[in-house]
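Taking it in order: structure first as structure tokens, then the write-up.
Just so it is clear, none of the values below were taken in a lab; they were calculated from the coordinates. Keep in mind it's a predicted model, so treat the numbers as computed, not measured. Cβ sites come from the backbone with ideal geometry, for glycine too, and all protein chains shown count toward neighbours.
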Amino acid sequence: MKKYIAEFIGTMVLVTLGCGTAMLVGCDAANGGGYILTALAFGLVIVGMAYCVGNISGCHINPAVSLGVLLSGGMDVKDFAGYVVSQCLGALAGAGILAAIFNLGSVKDMTGGFGSNGLAGVNGSAAAGLLVEIVLTFVFVMTILGVTSKKGGHGSFGGLVIGLTLTLVHILGIGLTGTSVNPARSFGPAVVAAISGNTDPIASLWVFIVGPLVGAAIAAVVYKFLESK
């Protein structure tokens with residue numbers, strides 16, 4: 001149970017700080033500084049949480065990462081289900097916290113949807129959005145599997161490497177899809193946005209669930225092949 005609570009907390013913090021930063025600074029291509037701040041926010045949260053709850057749950061805080069670990073033999077189906085439920089609930093809690101802060105303080109949401117993902121950067125193309133999310137998640141999960149591998153992992157530097165990689169994929173992905181690579185991170189803000197009257201993020205939510213999961217599955221298969229004798 002403690003590892004599920006850890007995943008809940010980690011995902012809640014990820015959405016609160018990552019999406020919250022995006023809401024404050026915006027992600028318009030005309031303002032590249034917003035890209036960097038948002039990318040750093042997501043990456044730094046991973047670094048912080050890796051050293052906070054990593055020793056309890058492994059700090060997946062992402063269903064795609066949990067799927068990669070499952071397919072690599074690092075966890076069983078029961079724990080996978082528990083992790084995913086905890087992550088989604090944590091994302092909802094994080095988005096709920098943002099809704100309370102921004103609504104009570106009458107703060108303008110620069111993203112228009114609690115930092116939810118969308119397809120505006122790819123001109124509404126679901127196919128392009130899927131490809132972006134598959135590729136970026138593949139890179140992210142491959143890095144995680146390599147860093148945490150028992151055949152030469154990077155020990156105490158793992159959290160830093162993973163956080164920097166998440167920052168990297170955000171730098172490219174923000175202008176295209178807002179960068180999900182995490183179904184829970186997309187789910188929470190989209191649901192809260194819909195409750196608040198903006199149903200646009202819900203319409204494309206499937207892209208940000210399917211894409212990351214497919215990318216993670218490919219990463220797990222490829223990494224197992226590369227690591228095998």
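For this structure, a couple of remarks:
- C-alpha long axis of helix 183-195 to longest principal axis of the chain, angle in °: 20 degrees
- Shape call, region 1-128: gyration tensor on alpha carbons, a/c limit 1.5: prolate
- Proximal lysine pairs, the chain, alpha carbons under 17 Å, eight or more residues apart or interchain: 6
- Packing-based ranking, highest mean first, of 38-46, 96-104, 8-16 given that Cβ atoms within 10 Å are counted: 8-16, 38-46, 96-104
- 222 nm mean residue ellipticity, helices alone, for the chain (DSSP H n ≥ 4; -39,500 (n - 2.57); rounded to 500): -22500 deg cm²/dmol
- Charge dipole of region 2-227 about the Cα centre (unit charges at C-beta), most positive-ward option of 215, 49, 130: 49
- Against the chain, whose longest principal axis is taken from its Cα atoms, helix 126-147 shows a tilt of about 40°.
- The charge dipole of region 2-227, taken about its Cα centre with unit charges on the Cβ of Lys, Arg, Asp and Glu (plus for the first two, minus for the last two), comes to roughly 400 debye.
- For residue 199 and residue 37, the difference between the fully extended length at 0.36 nm per residue and the C-alpha to C-alpha distance is 55.7 nm.
- Base-10 log of normalised Debye intensity for the chain (one unit scatterer per alpha-carbon) at q = 0.08 Å⁻¹: -0.25
- On the basis of the beta-carbon distance and an R0 of 45 Å, residue 224 and residue 106 show a calculated FRET efficiency of 0.35.
- By the beta-carbon count within 10 Å of each Cβ, the least crowded to most crowded order of 72, 106, 196, fewest first, is 106, 196, 72.
- Residue-wise HN-Hα couplings along region 3-18, as the Karplus relation 6.51 cos²θ - 1.76 cosθ + 1.60 with θ = phi - 60° gives them from phi, are 5, 5, 5, 4, 5, 4, 5, x, 5, 4, 5, 4, 5, 4, 7, x Hz; Gly and Pro carry x.
- Taken over region 149-229, the ratio of Cα radius of gyration to 2.2 N^0.38 Å equals 1.37.
- Positive-pole candidate from 189, 142, 95, dipole of the chain, charges at beta carbon: 142
- Take each peptide in 75-81, 145-151, 182-188, count the other Cβ atoms within 10 Å of every residue, and average; sorted highest first, the result is 182-188, 145-151, 75-81.
- For the chain, the longest principal axis of the alpha carbon atoms and the long axis of helix 205-227 meet at an angle near 20°.
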